[in-house]
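A.B. asks: Take this structure first; my questions come after.
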Amino acid sequence: MAENCRHARVASQPGRCDGGGVKILVAPDSYGTTMSAGDAAAIIASTWAAEAPADEVRTLPLSDGGPGFLDVLAGSDGLCEPLVVRDAKGNAQPVRVLFRDGNSYVESAEIIGRGSYPESSDLVRTGSSYGVGEALRFALSKSRRVVLGLGGTAINDGGAGLLAALGATANVSLVQGGMGLSGIVALDISRALDVVAGCEIVIATDVDNPLTGPQGATEMYGPQKGATPADVRELEASLLAYQSALKTAASYECAGAGAGAAGGLGAALMALGGRRVSGIEEVARHVNLAGAVEWADLVVTGEGSFDWQSLRGKVVSGVAFHAMRLGKPTIVLAGQVHCGRREYTSIGIESAYAMAETPTEIADSMANPKISLAALTKRVSRTWSS
């Protein structure tokens, strides 16, 4: 039974500009696994409004294809169809597919996201993307255009599991994770291509990394998912073998920019003819980020860890791009800041503020993220409010 999706946008704070107030747009990403974009936006907005009642504060929670993708896109007219698929461990997982304006939307993080397995680092070796393939098959049965949000996954299987769910076969199991691909020499994706024939697949990614190499899925993101140096070496070798087999099987380029997104899901979807787009720009278009930025005097964005990766296709860089184009200042409220001032000012960000810097502060902010974000907002609002 379809149901209205939860509207992700937090209600705007009532405008109380008395002629001298500042118009504040709060447009954050989720803060890792500790806070959704909607929760973070609500905390920043309510705290700012309490500290600076003359300012008008509006919220626009965002996603770059990772966690929160469906919630942000749902709007008031989106319908979510529930279904049960396999999670990264192969267990039953209730998820949603969003239907809006004749399109279907699937969020990989809701199916195999890191936030669902906080204690399991082995999934980078053994986790499967099979459930994303199940959701894609379901979405294709309802709509001929499917947009998949990629990012924030726990797995590193190159999308082999997704292909298996659509009927692909190989000389090795495709559902045993990245480590299970080490001996792959033959891959047949013809049945999967039949499933997607006549359909448009849009791949909304949060990064532009290739599948393999120093900037690839394993070497760049494997350690974040719990991979040891030995794991990284083995997984990279497995994905290189898989990449070779995939290139032979596919008629499309499947190893370039964005192929490494979501543990390599991008590569599998490209092999099926999927078209890659920037996740934040896909979302920005749907929620009219440009219009919201044009209204504001100051744009406040944020995420859990603001680092060099934030400058490459993430929410923060997308927000900063629109703000810089319209001549509006942007500031970042983050859990931690690991990006230098020279780097972030180059994309139009005025200042970046961290909830925590010392080990003790980091531990406290992780234990009480909402309190820490409110405290940071309180301090920053005194600098930027009217």
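The values are calculated or read from the model by the stated rules, or taken from the named source; none is laboratory data. Keep in mind that this is a model prediction, so the values were computed, not measured. Positions of Cβ are generated from backbone atoms using ideal geometry, with glycine treated the same way; all protein chains shown enter the neighbour counts.
A.B. asks: Scan the stretch 340-356 for residues that are assigned to a loop (DSSP other than H, G, I, E, B), of a type in the set (A, V, I, L, M, F, W, C) and within 12 Å of residue 317 (Cα to Cα) and jot them down.
C.D. replies: The answer is 347, and nothing else.
A.B. asks: Would you mind finding the one in 306, 321 that is among the aromatic types (Phe, Trp, Tyr) and surrounded by fewer than 23 Cβ atoms within 10 Å (Cβ to Cβ)? It would help to see each step written out before you state the result.
C.D. replies: On the way: 306 fails: surrounded by fewer than 23 Cβ atoms within 10 Å (Cβ to Cβ).
That would be 321, the only listed residue that is among the aromatic types (Phe, Trp, Tyr) and surrounded by fewer than 23 Cβ atoms within 10 Å (Cβ to Cβ).
A.B. asks: Of the residues that make up the stretch 54-66, is at least one in the same structural domain as residue 133 (by TED's automatic domain parsing), crowded, with 19+ Cβ neighbours inside 10 Å and among the basic types (Lys, Arg)?
C.D. replies: no
A.B. asks: Further, regarding this structure: Pull out all pairs, ordered by first then second residue, where Cβ-Cβ is under 8 Å, the residues are six or more apart or on different chains, the first lies in the stretch 273-287 and is within 14 Å of residue 27 (Cα to Cα), and the second is hydroxyl-bearing (Ser, Thr, Tyr).
C.D. replies: 280/63; 280/317; 283/63
A.B. asks: Which condition number in (1) touching a residue at least 40 places away in the same chain (Cβ under 8 Å); (2) farther than 23 Å from residue 239 by Cα is the one that residue 141 fails?
C.D. replies: (1)
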